[in-house]
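Notes for the one structure printed next.
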Number of protein chains: 4
Amino acid sequence: MIYRRVIPVEFNHCDPAGIVFYPRYFEMTNSVVENFFAEVAGQSYAAMMAAREGVPTARLEVDFKAPSRLGERLEWRLSVTRLGGSSIGFRLEAWGVERRLTALLTLVRVGAEGRPIPWEQEMRARITGFMEAQDA
Amino acid sequence: MIYRRVIPVEFNHCDPAGIVFYPRYFEMTNSVVENFFAEVAGQSYAAMMAAREGVPTARLEVDFKAPSRLGERLEWRLSVTRLGGSSIGFRLEAWGVERRLTALLTLVRVGAEGRPIPWEQEMRARITGFMEAQDA
Amino acid sequence: MIYRRVIPVEFNHCDPAGIVFYPRYFEMTNSVVENFFAEVAGQSYAAMMAAREGVPTARLEVDFKAPSRLGERLEWRLSVTRLGGSSIGFRLEAWGVERRLTALLTLVRVGAEGRPIPWEQEMRARITGFMEAQDA
Amino acid sequence: MIYRRVIPVEFNHCDPAGIVFYPRYFEMTNSVVENFFAEVAGQSYAAMMAAREGVPTARLEVDFKAPSRLGERLEWRLSVTRLGGSSIGFRLEAWGVERRLTALLTLVRVGAEGRPIPWEQEMRARITGFMEAQDA
């Protein structure tokens, strides 16, 4: 099982060369991860903000394989590569006709002071369940 | 008949006050209008770009009634207020629990030199059809 | 006296037609107003956030006269049109070779509950001073 | 010698947690690199677009060390790590009070068909000159 979301490439994503401007890809990676947390891990970013917590990105690594164009529909595929005490690793791919990019992200759960805090039991259980299904 | 699209308020739309930052509302108005052109008027922005045409915004007027918050789903409602020789007027509203904003936009169809050009017959017919259904 | 700021048109502002995408103009209007508050009114947005206050935009009206292109330098000119109890009106113009747009904005000072609150005495004095110099 | 640019953290860069939202850092990396090309390599992005060329990003790797807050001034420092036949490697750091992030980027010069093309002689000479000064 992989978590998927389709994001159409719209005008606001594209640069003067008519292709997706790379900062806009990161609006997309953020959106995919945000929806994963809400739908799979059971915690919306709104709930995290209200609790003065968050999951900032600590590290990322991206290979851009081919450009994406206005009007295409990108299928984003997310898998969890690692679940640490307070961190999580994601692998995201964006697909059009062929693969457009692969991104590896590391996020860390932090509390009100910006210090790492352990995953809540239920989030951990849900993410672990997702990982088991994904690797099955 | 009104053209509707739902846009969830995600992290990337929100400012340090936790509400939608107004430039992001315009990414939304642009997206709603872009999808209206593709779905109702029968012309995608990708097709327009390929033909070296476009529909830039000439004027807009917005009343922000109430803030929108992270995690809400905004329903955008678009109606056509006027169809000129090469211009078009839109009224857009964004709704959460209550109305969040009303926007009046005027767009002009332009050709490769940036000069106004008349609507293609089929676009005009489709938009006129939409207006008739909307006012019925 | 008019408050001026130069903003170069960079890649991230431009759309597939090679001109400034209108939502990016609003990132610019917000930046000009933000700097006006810090430099003229003596209140940074950071200080406002810390005090749980803000100056959200309640209304805007923009005429886009001519497109702006990648590589141009836009001179933004701001004047204050009205200072109310808790509101303020701005007129902004963006100039390249010729005028590119005129924007009229109304902002309202709000407190922690999102309700209008009166201007602080010092802010009011500074803005009034700016208006007198501007009209002199 | 290192290429430096200061970018103030403004409202539009910040998320509901009051810190720079990571896609906005990439608007900044793009701006720093864009200005490096114009000022050091002698080629503006506007000139590249007119010639139907470009320098898309092929790969990037970022470590986010600490968050940046509204109102800070970030000093960006760019050095060239590698100059290939049609590629270039950059190392960028953003500094506030302490280092906020380190980014390694690889860009490739491409022509109208999106295929890699060799650096122009003058660009190569200028970039090589920069590298010699940087390592001196």
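Every number here is computed from the coordinates shown, using simple stated rules; none is lab data. Values in this document were obtained by computation on a predicted structure and should not be read as measured data. Here Cβ is always computed from backbone atoms with ideal geometry, including for glycine, and neighbour counts include all displayed protein chains.
Averaged over residues, the count of other Cβ atoms within 10 Å places the peptides B:93-100, A:41-48 in the sequence A:41-48, B:93-100, highest first. Relative intensity of the protein assembly as shown on a log10 scale, I(q)/I(0) at q = 0.09, 0.12 Å⁻¹, equals -0.70, -1.30, per a Debye sum over C-alpha point scatterers of equal strength in the absence of solvent. Backbone amide hydrogens, once placed in the peptide plane, bring A:Trp76 within less than 5 Å of A:Arg5, A:Val6, A:Ile7, A:Trp95, excluding anything fewer than 5 places away on its chain. Per-residue shielding of D:46-59, expressed as the average number of other chain Cβ atoms within 10 Å of the residue Cβ, stands at 4. Candidate cross-link partners of D:Lys65 among the lysines, defined by an alpha-carbon separation under 28 Å and a same-chain spacing of 8 or more, comprise A:Lys65.
For the stretch C:46-69 and the stretch A:11-48, what is the centre-to-centre distance using only Cα atoms, to the nearest Å? Rounded to whole Å, the Cα centres lie 24 Å apart.
For the stretch C:16-130, what is the relative contact order in percent, using Cα pairs closer than 8 Å and at least 6 residues apart in sequence?
On the way: 173 pairs, mean separation 31.7, N = 115.
That works out to 28 percent.
Other chains near D:64-74: what is the mean number of their Cβ atoms within 10 Å of each residue's Cβ?
Details: counts 7, 2, 1, 4, 0, 3, 10, 8, 1, 0, 0.
So the per-residue partner count for this stretch is 3.
With the simple model of a label 7 Å out from the Cα in the direction of the Cβ, D:Thr81 to A:Arg91 spans 2.2 nm.
What share of Cα pairs, in percent, lie more than 12 angstrom apart in the stretch D:46-92? Mind dumping the intermediate values first?
Details: 829 of 1081 pairs.
Above the 12 Å cut-off, the stretch D:46-92 has 77 percent of its Cα pairs.
Close amide-amide hydrogen proximity is noted between A:Lys65 and A:Leu101, A:Thr102, each under 5 Å apart and 5 or more residues distant or on a separate chain (H modeled in the peptide plane; Pro and chain starts excluded).
Taking every pair of alpha-carbon atoms in the stretch B:1-64, give the share separated by more than 16 Å as a whole percent.
Details: 1144 of 2016 pairs.
Tail fraction, whole percent: 57.
The 3J(HN,Hα) values that the Karplus relation (6.51, -1.76, 1.60; θ = phi - 60°) gives for the stretch A:64-77 are, in residue order, 8, 8, 7, x, 10, 10, 3, x, 6, 10, 9, 9, 8, 10 Hz. Gly and Pro appear as x.
For chain B, the equivalent ellipsoid built from the Cα gyration tensor has semi-axes of 28, 17, 13 Å, listed from largest to smallest. Taking every DSSP helix (H) stretch of at least 4 residues in chain D, weighting each as -39,500 (n - 2.57) and dividing the sum by the residue count yields a mean residue ellipticity at 222 nm of -9000 deg cm²/dmol.
Within 10 Å of each Cβ of A:24-36, how many other protein chain Cβ atoms are there on average? Provide the component values of the computation, followed by the final result.
Details: counts 5, 3, 10, 10, 2, 2, 7, 6, 0, 1, 6, 2, 0.
Taking the mean over all residues of the peptide, I get 4.
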